[in-house]
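Worksheet: the structure to be examined is printed underneath.
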Amino acid sequence: MKIALNHCILVTIDKNDRVIRDGCIVFDQGEIQSVGPADQVTLSPDTKIIDGGGRLAVLPGFVDVHSHSSLLKGYSENLNLLDWLPVYQREHQVLTERDAYWAAMLSYLEALKGGTTTVLDMYRHPQRCAEAATALGLRAHIAPYVADRSDKTFFETLDSNEAFIKACHNSDHGRIKALVGLEHLFYCTPEAYRRAQAMARHYDVQVHTHTSELNSEVEAVEKQFGRRPIELLDDYGMIGPRTILAHCVWLNEHEERLLVDGGIAGIALCPTSNAKLAGGVPPYYRYKNSGITMGLGTDGSISNNSLSMWELMKFASLTQKNLLGNAAALPAPEVLRLATIDGAKLLKQDHLIGSLEVGKRADIITVDLWQPHLMPFIDDGDHDPLIWNLVYAARASDVRDVWVDGRPVIQGGRSVRVDEAQALADALAQTIDLLERRRTTGAVAMVK
């Protein structure tokens, strides 16, 4: 069905960052067909028209480039990273396929309701995550948690990762992408990294892993392996155009140069979880000036307690301002691009998603501006506060409708693909079951 969102404020995120005040966007068969002023777009008689009345903002869906599904939000609090990880791992020591499905269902539902239409999720039992994403209509890039060191046998293996790629890559009409996913240098052997790159080349997929999240983590890597993390990953053949690295808060200039020279796909910045785990603030402008592609990642509810890209954009901007002592650092329009088109570029999907442009897929969200906290949004000719108020004041609950590939997935703030009430009841029941099994596990230290 051809749909037109008419008399809306279009925030296009195109190369000129156009904001069309009285705009109309038309999409059909999942593809955006027209974007422009309402009085210049011709609507055919068979078009379903949704009239925003000047009170709806229309944006491309957000792209969360690093997340972890989980049922256990709030169960590993007040811990620094190296103490937090063993507690977090207790979930994975008992995790079942059913746990993974409901963790993904809960996490993806929260993401979609807040306007996130694409997620890079690193989790366990990835086929079940793909099932949840397909049921909800989310565009998901799924990287299994792979570990092969002898004390980390409760994660995925490269064999199960390969089976997932064969079974699910490009499934659900291309909306599901499978990646190779390696946990960390303390979890994986050099052979695992080398095989991971070979698999990625063979199946033409991306590779995802974590590094340099905490200064003490970097020091622990140096103590155990005698090299800094990026130097090790480079030795293992991991620094290349298929690789997405999460965090990278503590790189020195040599490591940064290795990323640039290796043509790294990019870095997933996770400022909220970095702050919550007392990890530090990533040097955004250093990486930007080096030409490194970056996107924003929530890091999942297990370390963030929120999957809201609205909250993440604001926090990302404010931490850079505070770090640099410069109130003009990472302004609202720039951080909005990080959450949309730049994230799409990191996933090599910017030709399809991340902006409202003719020919792209219709991953579209509407935001109800008729809220006291979003007033005003009037362009007085000298200043337009809209983008600033969206980034610094909007909430996930302001999202009204969401389409992925032109298909409605959220309408009036509710899922149209699953029974939300039943899904929440099932997820809660599964959480209770998981917690009971988790009681029997002890933490496994990250560093020997």
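The values are calculated or read from the model by the stated rules, or taken from the named source; none is laboratory data. The structure displayed is predicted, hence computed values, not measured ones. Cβ atoms come from the backbone with ideal geometry, glycine included; neighbour counts cover every protein chain shown.
Quick notes on this structure:
- Residues of the range 104-118 that are touching a strand residue (DSSP E or B) at 6+ places or on another chain (Cβ under 9 Å), touching a residue at least 40 places away in the same chain (Cβ under 8 Å) and either under 20 Å from Asp419 (Cβ atoms) or part of a strand (DSSP E or B) (or both): Ser107, Leu109, Glu110, Ala111, Leu112, Lys113, Gly114, Thr116, Thr117, Thr118.
- Any hit, the range 392-400, residues being out of contact with any Lys or Arg (no Cβ under 9 Å at 6 or more places or on another chain), outside any helix (DSSP H, G or I) and farther than 24 Å from Val63 by Cβ: no
- Among the residues of this structure, Asp22 counts as one that is farther than 26 Å from Glu311 by Cα, free of Cβ contacts under 8 Å to residues at least 60 places away in the same chain, not assigned by TED's automatic domain parsing to the domain that holds Leu179 and not hydrophobic (A, V, I, L, M, F, W, C).
- So Tyr88, is it assigned to a helix (DSSP H, G or I), touching a helix residue (DSSP H, G or I) at 6+ places or on another chain (Cβ under 8 Å) and surrounded by fewer than 22 Cβ atoms within 10 Å (Cβ to Cβ): yes
- For beta carbons closer than 9 Å, sequence separation of 6+ or different chains, a first residue in the range 38-62 that is more than 11 Å from Leu5 (Cβ to Cβ) and a second that is outside any loop (DSSP other than H, G, I, E, B) and of a type in the set (D, E, K, R), the qualifying pairs are Asp39/Asp22; Gly54/Arg21; Gly54/Asp22; Arg55/Asp368; Gly61/Arg139.
- Residue within the range 345-368 that is over 30 Å from Thr293 (Cα atoms) and either outside any helix (DSSP H, G or I) or without any contact (Cβ under 8 Å) to a residue 60 or more places away in the chain (or both) present: yes
- Number of residues in the range 297-331 that are in a loop (DSSP other than H, G, I, E, B), small (Gly, Ala, Ser) and surrounded by 21 or more Cβ atoms within 10 Å (Cβ to Cβ) equals 3.
- Matching residues in the range 172-197 - criterion: being assigned to a loop (DSSP other than H, G, I, E, B) and either outside the structural domain of Phe154 (by TED's automatic domain parsing) or of a type outside the set (Lys, Arg) (or both): Asp172, His173, Gly174, Leu179, Glu183, His184, Leu185, Phe186, Tyr187, Cys188, Thr189
- Under the condition of being of a type outside the set (S, T, N, Q), closer than 21 Å to Gly181 by Cα and out of contact with any Lys or Arg (no Cβ under 6 Å at 6 or more places or on another chain), the residues counted in the range 93-110 number 7.
- Just one of the numbered conditions (1) within 22 Å of Gly354 (Cβ to Cβ); (2) surrounded by 21 or more Cβ atoms within 10 Å (Cβ to Cβ) is not true of Glu156: (1).
- The lone exception for Met199 - which of (1) of a type in the set (A, V, I, L, M, F, W, C); (2) over 25 Å from Asp405 (Cα atoms); (3) surrounded by 22 or more Cβ atoms within 10 Å (Cβ to Cβ) it fails: (3)
- Tally, over the range 284-296, of residues that are without any contact (Cβ under 8 Å) to a residue 40 or more places away in the chain and either surrounded by fewer than 20 Cβ atoms within 10 Å (Cβ to Cβ) or not aromatic (Phe, Trp, Tyr) (or both): 6
- The listed residues are Ala198, Ala167, and the only one of them that is in contact (Cβ under 8 Å) with a residue 40 or more places away in the chain and either more than 29 Å from Gly279 (Cα to Cα) or among the hydroxyl-bearing types (Ser, Thr, Tyr) (or both) turns out to be Ala167.
- Asp405 being at pLDDT 95 or above, buried (at least 16 other Cβ atoms within 10 Å of the Cβ), at positive phi and not assigned by TED's automatic domain parsing to the domain that holds Thr116: yes
- Considering (1) assigned to a loop (DSSP other than H, G, I, E, B); (2) in contact with a Pro (Cβ under 8 Å, 6 or more places away or on another chain), the lone condition that Phe164 does not fulfil carries the number (1).
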